[in-house]
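Derivation of every value follows stated rules applied to the coordinates shown; laboratory data play no part. Being a predicted model, the structure only gives us computed values, none of them experimental. Heads up, the Cβs are rebuilt from the backbone with ideal geometry, glycines too, and the neighbour counts pull from every protein chain shown.
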Amino acid sequence: MSDFGKLIDEKCLLFAARIVNLCRFLDTERKGKHIIDQIMRSGMSIGANYSEAECAISDNDFVAKLYISLKECNETLYWLRLLRKINDLDEKLFRSIYDDGEEIKRLLVSIIKTKRKNMTENNS
């Protein structure tokens, strides 16, 4: 795994840990009960799919796994926005976690675009 790959992997892992801790907090506060399972699943799936992409059997498989990771990231951001909208998250906590998720989303989009461009150029 490249240094850049390790960086993204670590960001995904830390984000997943923050999501788990957020869900624990929400559970103890009896907030967002109906959302906890959803955000837990999607928040942890980002890094899991990124890790799978690292062992892809082809460039197409790599891109497909990254797309799944991107979709899970986007879903997690949705759940975070919903928690904020229903006032189960204060602005400071929301902004901190949401910004981390947005950063991961931007990184995934960048990797996907670069990989697809390289795939197109190699096929020409």
Q: Kindly indicate which of Ile39, Ile112, Ile104 is crowded, with 19+ Cβ neighbours inside 10 Å and free of Cβ contacts under 8 Å to residues at least 60 places away in the same chain.
A: Ile39
Q: With the checklist (1) free of Cβ contacts under 8 Å to residues at least 40 places away in the same chain; (2) surrounded by 20 or more Cβ atoms within 10 Å (Cβ to Cβ); (3) not aliphatic (A, V, I, L, M) in hand, flag the one item Thr76 doesn't pass.
A: (1)
Q: Please specify each residue of region 42-59 satisfying the condition of being under 9 Å from Glu72 (Cβ atoms) and over 8 Å from the mean Cα position of the chain (by Cα).
A: Ala48, Asn49
